[in-house]
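Some notes on the structure that comes next.
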Amino acid sequence: EMMRADPQGLLSMLLAAMSEPALPAELKVQRNKADSLAAREYKKAHFWDGTHFWDGRIANTPFFTDKLDKYFKEILEIQEDTAIKELDRILANAVGDEMMYRLVLRKIIHGAIDHHYKWNDAVFIHLYEKFIAPKTYEWMADEEREEIDKHAYFLMGNTSGAAAPEITLPGLDSTPVSLYALKAKYTLLAFWDPTCHHCRETLPQLDSLYRRTWKAKGVRVFSVGVETSATEAEWRSYITEHKLTDWSHVYNSLAAEKELALAGKPYVLTSYDVWYYPAFFLLDKDKHFMARKLSFPQMEKLLTSILKE
């Protein structure tokens, strides 16, 4: 009665968030595996009924943190794709309230690090690449960030993901250059824009490390210059000016993207989900992802960790 009279009131919100789904009569008695699966799916589908992740008033209440624990440990499947999709959905709903977002993100990240939740390492790497690596949080202390980074770099150095999409684009001499034709123990894939100030500052630093250390240890650089407002001539001029001659270079022109679109093929940038520059990826010898869209300092720390091993 109270919940009907004041559905947005704090007590109503708390009671709704505390409740767990009651199985319908036909699922209360489970006679076989199919019945058990159906009951589990029902609980999963209705577990968060009445819970609003954007409402920070329920964050940090003991029952709510316990409910998160129960969901992640008992209800959510541990399969990689299913877990990733659901964790992305929950975090997308929680982002509207800083207290809620902080609670949920921390619980998920540290639960994965401590193996409190039984997801595989690919789930943590996805969460790191999407929610930690490209962002900074005022509420996250340096020590906590360092702990998360260290765990991510360790896993990335010992885990290979899906195969990277092929890239075949015109090189410096205008003939097609293939990513998969580049043989290397590790491939550092760099997307950059010749008009991007940060790119123009970062690439010489990358090249310095590459020549001094990385190249001798089996790393090669595959560079994708992305046309936005710059011209192909400016792209070539920058490479020549900064003597980036020991890399494999290709140019992703607007004309090349149009050609792919007409052929019904995905754009290179779409395939890699690149929308800011510079963006760095690390691939293993078989061109499988080890890390995606890291900043240059993050890539430097990751490669330093891997090559030290």
For K67, list the aspartates and glutamates whose Cα falls under 13 Å from its own Cα; do not include residues on the same chain fewer than 8 positions away.
-> E20, D49
Taking Cα atoms, how many degrees apart are the long axis of helix 80-94 and the longest axis of the chain, rounded to 10 and kept between 0 and 90?
-> 80
Quick one: length gained pulling A162 to A261 fully straight, 0.36 nm per residue minus the C-alpha distance?
-> 33.3 nm
Build a GNM of the chain with springs between Cα atoms under 10 Å: which of A184, A92, A233 gets the top mean-square fluctuation?
-> A233
Applying the Karplus parametrisation 6.51 cos²θ - 1.76 cosθ + 1.60 with θ = phi - 60° to the phi angles of region 261-270, what ³J(HN,Hα) value in whole Hz is obtained for each residue in order, glycine and proline being reported as x?
-> 4, 5, 7, x, 9, x, 4, 4, 5, 5
Where a Cα-Cα gap under 17 Å defines reach, which lysines qualify for K28, not counting those fewer than 8 residues away within the same chain?
-> K43, K44
Folded to 0 to 90 degrees: helix 296-308 orientation relative to the chain principal axis, Cα | 90
Of L155, L260, L68, which is the most mobile in a GNM of the chain whose springs link Cα atoms less than 10 angstrom apart?
-> L260
Any idea how far apart K135 and Y42 come out in nm if each label point goes 7 Å out from Cα toward Cβ?
-> 3.6
Provide the per residue accessible area, probe 1.4 Å, for region 239-285, rounded to a whole number of square angstrom.
-> 54
Lysine pairs within region 149-267, Cα separation less than 30 Å, 8 or more sequence positions apart or different chains | 15
Which of rounded, prolate, oblate describes region 84-202, given a ≥ b ≥ c as roots of the alpha-carbon gyration tensor eigenvalues and a/c under 1.5 marking rounded, otherwise prolate only if a/b is larger than b/c?
-> prolate
Which one is right for this structure if mean projected area of the Cα convex hull in nm² is calculated from it: (1) 21.0; (2) 18.1; (3) 24.7?
-> (1)
For region 189-309, what class follows from the C-alpha gyration tensor (a ≥ b ≥ c being the square roots of its eigenvalues): rounded when a/c is under 1.5, otherwise prolate if a/b is larger than b/c, else oblate?
-> oblate
Determine the sum of side-chain charges near G225: Lys and Arg each +1, Asp and Glu each -1, restricted to other residues whose C-beta is under 10 angstrom from that of G225.
-> -3
Against the longest principal axis of the chain, how steep is helix 33-46, in degrees 0 to 90 to the nearest 10, with axes from Cα atoms?
-> 80
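The values are calculated or read from the model by the stated rules, or taken from the named source; none is laboratory data. As the structure is a computational prediction, the values presented were derived from the model and not from experiment. Because the Cβ atoms are built from the backbone with ideal geometry, glycine has one as well, and the counts that use them run over all protein chains shown. Ligands, DNA and RNA are excluded from the accessible area calculation, which covers all protein heavy atoms including side chains. Shrake-Rupley method; radii C 1.70, N 1.55, O 1.52, S 1.80 Å.
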